[in-house]
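Below: one structure, written as structure tokens.
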């Protein structure tokens, strides 16, 4: 389930659903006199695309697309760290946070996570070489909406292209 601008999209309007994330950045690769490259980044933001389809229209045309909207994402993201304490960006409080320890062979072991403010503290696991925490983002975005409908088939499709403010 996702929510945008306070609207919850009905389940029957997103029986087929995908969400993808892409990083936007003002970034350039520069070269030193000896030819070595280095990267300069001024800012980064997220772009996310939500696509769905189902038996009902999504009802998203009620959104005021001229204003920033709060998006409660449906697809989780993850952060990997060598430390058991991981800083979290804004995330959904209704979905919880999931943590695993990463072992030397790449195997994962579920571990307890306690969130304090914007930090996830994972319980240490013997032999762990790193930790991963999964969370569901909350983003403030500008959105664009595309909707199509096939009345004969009773199928309605929609796409939300969102860029973080």
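Of all strands (runs of 3 or more DSSP E) completely enclosed by region 118-165, which ones contain at least 3 residues that are within 30 Å of residue 84 (Cβ to Cβ)?
Details: elements: 119-122, 128-135, 138-150, 155-164.
Ranges flagged: 119-122, 128-135, 138-150.
Against the condition surrounded by fewer than 15 Cβ atoms within 10 Å (Cβ to Cβ) and either under 22 Å from residue 139 (Cα atoms) or out of contact with any helix residue (DSSP H, G or I) (no Cβ under 6 Å at 6 or more places or on another chain) (or both), how does residue 76 come out, does it pass? Let's see the steps before the verdict.
On the way: surrounded by fewer than 15 Cβ atoms within 10 Å (Cβ to Cβ): no; either under 22 Å from residue 139 (Cα atoms) or out of contact with any helix residue (DSSP H, G or I) (no Cβ under 6 Å at 6 or more places or on another chain) (or both): yes.
So residue 76 does not fit the description; no.
Could you grab me the full set of residues in region 1-26 that are more than 14 Å from residue 162 (Cβ to Cβ), part of a strand (DSSP E or B) and in contact (Cβ under 8 Å) with a residue 24 or more places away in the chain? Explain how you work it out, then say what you get.
First pass over region 1-26, keeping only residues more than 14 Å from residue 162 (Cβ to Cβ): 1, 6, 8, 10-17, 25-26.
Among the residues that remain, those that are also part of a strand (DSSP E or B) are: 8, 16-17, 25-26.
Those that are more than 14 Å from residue 162 (Cβ to Cβ), part of a strand (DSSP E or B) and in contact (Cβ under 8 Å) with a residue 24 or more places away in the chain: 16, 17.
How many residues does region 27-64 contain that are touching a residue at least 24 places away in the same chain (Cβ under 8 Å) and outside any helix (DSSP H, G or I)?
The total comes to 17.
Every number in this text was worked out from the coordinates using simple rules, so none of it is lab data. From a predicted model like this one, the values you see are computed outputs, not experimental measurements. Neighbour counts run over all protein chains shown; Cβ positions are idealised from the backbone, glycine included.
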